[in-house]
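The values are calculated or read from the model by the stated rules, or taken from the named source; none is laboratory data. These figures come from a predicted structure and were not determined experimentally. Neighbour counts run over all protein chains shown; Cβ positions are idealised from the backbone, glycine included. To get the accessible areas, we keep the full protein, side chains included, count just its heavy atoms, and leave off ligands, DNA and RNA. Shrake-Rupley method; radii C 1.70, N 1.55, O 1.52, S 1.80 Å.
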Amino acid sequence: MLAGSNAVSGVDARAASAIARLHPLPSPRGVALRIMQRADDENVGIEEIAHIVRADPALSGLLIRAANAPALGAGRAVGSVGEAIQRLGLSAVRQMVLGFSLVSDYSRGPCKSFEYQAFWTDSLLRGLAAQALAARTRLIAPGDAFSCGLLAEVGRLGFSTAQPEAYAQVIAVCGARGERLREIERESFALDHGELTVAMAQTWALPAWMSRALQGYYGPWEEASDGATSGERLAQLLRLAGAIATGAMASPEPLPQEAARALRVGVLLDLDEEALRSIAVETAQQAAEWAQLLSLPVPAMPRETPAACAEAGGAPPSGEHRTPLRILIVEDQPVERALLKKVLEEEGHTVSAAENGRAALVELTRFPPQLLITDWTMPEMGGADLCRILRKTRFGARLHVIFLTSRGDEDEAVAAFKVGANDLVAKPYSPRALLARVYAAARSILQQEEIARDRDAMRQVAVELAVSNRRLEDAALTDDLTGLPNRRSALARLEQECAAARRRGTALACLLIDVDHFKRVNDTCGHETGDAVLRHIARTMSAVSRKQDSVCRVGGEEFAAILPDTGWSEAVILAERLRKAIAAAPFRTTSGRELSLTASLGVAADEACEANASELMGRADEALYAAKHEGRNCVRPLLPGVPRPSAASASRSPLR
């Protein structure tokens, strides 16, 4: 794998021909596409992007949630889209919007062997782990790290979307992960999903540092050195995030080779095993919340309901005081630890145990408890330090904690409540006294879980409604036949561009395009062929238009193109480019007949920043009539000071 800035262009050159055969690759749509286009303009401010985001309630909620992530370390929670964008930064927002759009639009697809939702759940875990790692290492903004982790393996999605049948066969041969998969991909498609991921990142104009980090992510697991470049360290961060996402750090058993190697990289990033365990816990808890927001399967974790505890080995409830809980005991004395475990298990609880705080952090990744009972003083890590670490995580903030303290030591009791204790039991204690505190804790825990379930259900309903509203809005603004924005969308976009042109003092142009003699196509070949011709012309114009231009279908065989920051001369050149592209791309029917196509184009431009949308569209319409009147297959601008064609002459022309 090549390194440095030259590597990015190297991957492009080597993979270009292979990528050209992959169609269609995943791409953003609707509101997300508009945000990405506008965010690239250095003159666009936060308020304009916020205005576009507010059109999508689900996206608004996701960005606000991202801005309030614990990894950002911000104090006051933000409640508005504008504040969220300001905190995250336009670059991070652009990348997040891309990721959220892909999750929404590609949560299922045509490849039968590719588990789309499992892919996104894995990507979400990797993104959240990368965000947590970035917050601790400060190598990169946490929001940027989240997006990078989320999109790190999007090449697999690309193959499943562009070549669903062929990729299903690849997965059948070697499975959905691993180096063997990349080998078979190269044999089948002339490139692997790592190279496709980098190429897709470049296609979406993501930052160059991200492309380099993604290349390093797919590079060999070389031993890192203290002199590693920032790009190499970012690649190491992504690898660590991938290891955490796949659970390599979650096992209490001795670390396997890959995880041990990742741990050595973590040390070079100033992250010890304890920090990585803490990140794993934080990632798992946040992933459960994000998965619900994104309508993804919640990552596999031990279930939290009383029924689940009973299934896991605890006794079923038999009365008010026997609601089974998952309890973690942290006690350094083996005899006391065993006796306490026995007492609680006899009451029907599912119990795990650890000898100190450090061991408890490891156990938490395997066994997330509802109740933690911990001694105050222990070797390696005591209860106070354990509680401080847990209270900084989203999971630990909700955990019910009972401290075992020395009898009569008021200072110890006060300190326990300061670090986050919910209750205290003084040593030596009777089993009945301890069980009484556990009964009280169970009532509180179950009440909080019921509140959380109600809140999650309401949030899920809100997300589903927002998604439905967004789909209805997209449908209302999209032409069903061509997939282009429809007349309503075109007029709204033109109003926005007129306002932006007046604000910035820049020119704006509008084209109207009418397919010549289209009625003959319908009459001689049928309306089904006519529809196919319109789709063909829509694709042709979209392919040759500039990135900032908007091509729309405004009715029948008539299209419009909105050209921001474009004056008269440039608008005429662009119109001529469209005319030539249509004429040079004849349509071949299913029977093999070739239909030559031409179009007439009317051009109107506003260089004085005075026109409104209806005026500009009206001028383009008059220019189009002139083009039709003068013989079709031509471009006619309505220049300032030139008399407009009379209504009489226009009406005498066989225009449409």
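Before moving on, here are some points about what is shown:
- Per-peptide average of other Cβ atoms within 10 Å, ordering 498-505, 141-148, 623-630, 430-437 highest first: 141-148, 623-630, 498-505, 430-437
- Alpha carbon centroid spacing (whole Å) that separates region 131-164 from region 358-378: 31
- With each label modelled as a point 7 angstrom along the Cα→C-beta vector, the ARG459-GLU187 pair spans 4.5 nm.
- Judged by the mean number of other Cβ atoms found within 10 Å, the most tightly packed of the peptides 332-340, 48-56 leads the ranking 48-56, 332-340.
- Once the Cα-Cα distance is subtracted from the 0.36 nm per residue extended length, the ARG366 to GLU47 segment shows a gain of 110.4 nm.
- Ordering 531-543, 173-185 by mean Cβ neighbour count within 10 Å, with the highest value first, yields 531-543, 173-185.
- Among the listed pairs LYS547/LYS580; LYS341/LYS427; LYS392/LYS418; LYS342/LYS418; LYS341/LYS418, those beyond 22 Å (Cα-Cα): LYS342/LYS418; LYS341/LYS418
- Solvent exposure ordering (accessible area, 1.4 Å, most first) of SER295, SER101: SER295, SER101
- Exposure ranking of CYS510, CYS525 by accessible area [1.4 Å probe, largest first]: CYS525, CYS510
- Label point of ARG520 set 7 angstrom out along Cα-Cβ; within region 549-581, amide nitrogens under 19 Å from it belong to 557-558, 579-581.
- ARG108-ASP411 FRET efficiency (beta carbon distance; Förster radius 56 Å; 0.05 resolution): 0.45
- Between LEU481 and SER430, the simple spin-label model (points 7 angstrom out along Cα→Cβ) gives 8.6 nm.
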